[in-house]
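Working notes for the structure below.
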Amino acid sequence: MNSHRKPAITVNGRDYAWPRQPAIAICLDGCEPAYLDEAIAAGLMPNLEKVMAKGTVRRAYSVIPSFTNPNNLSIATGRPPVIHGICGNYLYEPETGEEVMMNDVRFLRAPTIFKTFFDAGAKVAIVTAKDKLRALLGAGLTFDRGRAFCFSSEKSDKATVGENGIGNVNAWLGLPVPEVYSAELSEFVFAAGVKLLRDERPDVMYLTTTDYVQHKYAPGDAQANAFYAMFDRYLGELDALGAAIVITADHGMKPKHDAKGEPAVIYIQDLLDQWLGKAAARVILPITDPYVVHHGALGSFATAYLPAGADRAAIMGRLAALPELIAVLSREEAVQRFELPADRIGDIVMVSGENMTIGTSADRHDLAQLKEPLRSHGGLTEQEVPFIVNRALADLGDAPKLRNFDAFQVACRAAAMAGA
């Protein structure tokens, strides 16, 4: 394929250069910038230091809510949630009265970069740690042509050529299915990325991990440093294979506990029950997903649906007076400020502070499985993330204008420059 002669393609109104070398975006789930700083200071990331010395180092902003699904789909589409429709891991559908996971492809409102490149003749590869993202990231791909690969570490033993573009993944990679709550779930992603780059040489590849380690361990902790040292080894291999690489994250991570190590939580459903009557309002926590062991469904972003006739302004005033909350917005304000789809958020949006989370009711959160002091995300204080390119790009901007969902546009541009 004479890929260097192909023109740029347009995805959701943005132009992407056709890469001369593989263009890779790596999403380090939950990578608060301090994790990299601490691991580098400990001498554990020599390959990243080389990449930073020869490349471009910036900070970028994630989308809000700073949760996994909205940001991964923003990276995958190059657009904020108002365009692609995925505004949480979990949502309430007023028309059905049900609370559901936002993992189904029916919720996606925009084509991905992967589908658009694939339709234009490119080879694409996607490896995700948790299977919850796989269907969304692989939406629209056809897996029987040898040009598309999309599978997860979690369900690697279930992958087939017809559904994932590859079968017998564990034998192919020489690794067993990792435990879902482990650093190995992410290591599997990196190992698969290196092998795919060697064996298949995709034009566009996305590697996205899990934040299990980041929820448990602070920057500089031995376990966190070990995770980033592991990543550094694979980064060195990817870089040596000649790919243009952008390293970013879906969100940061902050301590959300008190001085005693107990989770710091404000239970908004309990408050609204007191103010409006039992279950008159409905609080939704978009962080909710099937993997709650490490965060207990506690994050720093929530939305509330109010009963008909409720005085929204008065309720917002009472909520805004609470010191635990740093932002209380109407639906209309949240749509404008956070670029969210209006039909998938409630009447009110709330954001808590750096060391605080929002819960529904105290009796609805099982916190017994939290083994370490709570660390979580979702709010404005977890919005700043790394943005590192292994190519020198002098005119690249910085946060807040630079967004994590610029990753593929930048990676493709860097890959198109190779050999030019």
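The values are calculated or read from the model by the stated rules, or taken from the named source; none is laboratory data. Just so it is clear, the structure is predicted and the values come from calculations on it, not from any experiment. Positions of Cβ are backbone-derived with ideal geometry, glycine not excepted, and every protein chain shown enters the neighbour counts.
General remarks:
- Taking segment 219-300 and the strands (runs of 3 or more DSSP E) fully enclosed by it, the elements with 2 or more residues that are touching a helix residue (DSSP H, G or I) at 6+ places or on another chain (Cβ under 7 Å) and crowded, with 24+ Cβ neighbours inside 10 Å are at 244-248.
- If you go through segment 325-346 and pick out every residue that is of a type in the set (Gly, Ala, Ser) and buried (at least 17 other Cβ atoms within 10 Å of the Cβ), you end up with 3.
- For segment 242-270, the tally of residues that are of a type in the set (A, V, I, L, M, F, W, C) and within 16 Å of VAL389 (Cβ to Cβ) stands at 6.
- Among the residues of segment 120-168, the ones that are touching a residue at least 40 places away in the same chain (Cβ under 8 Å) and of a type in the set (A, V, I, L, M, F, W, C) come to 12 in all.
- Listed by first and then second residue, the pairs linking a residue in segment 173-187 that is without any contact (Cβ under 8 Å) to a residue 24 or more places away in the chain to a residue that is among the charged types (D, E, K, R) and surrounded by 16 or more Cβ atoms within 10 Å (Cβ to Cβ), with Cβ atoms under 7 Å apart and 6 or more places separating them unless they lie on different chains, are LEU173/LYS195.
- Selection of segment 301-318 for residues being out of contact with any Pro (no Cβ under 8 Å at 6 or more places or on another chain) and surrounded by 20 or more Cβ atoms within 10 Å (Cβ to Cβ) yields ALA304, ILE315, MET316.
- Of the residues examined, THR96 is one that is out of contact with any strand residue (DSSP E or B) (no Cβ under 7 Å at 6 or more places or on another chain), among the hydroxyl-bearing types (Ser, Thr, Tyr) and modelled with pLDDT under 95.
- Scan of segment 198-218 for residues that are under 22 Å from the mean Cα position of the chain (by Cα) and part of a helix (DSSP H, G or I), ordered by number: TYR212, VAL213, GLN214, HIS215, LYS216
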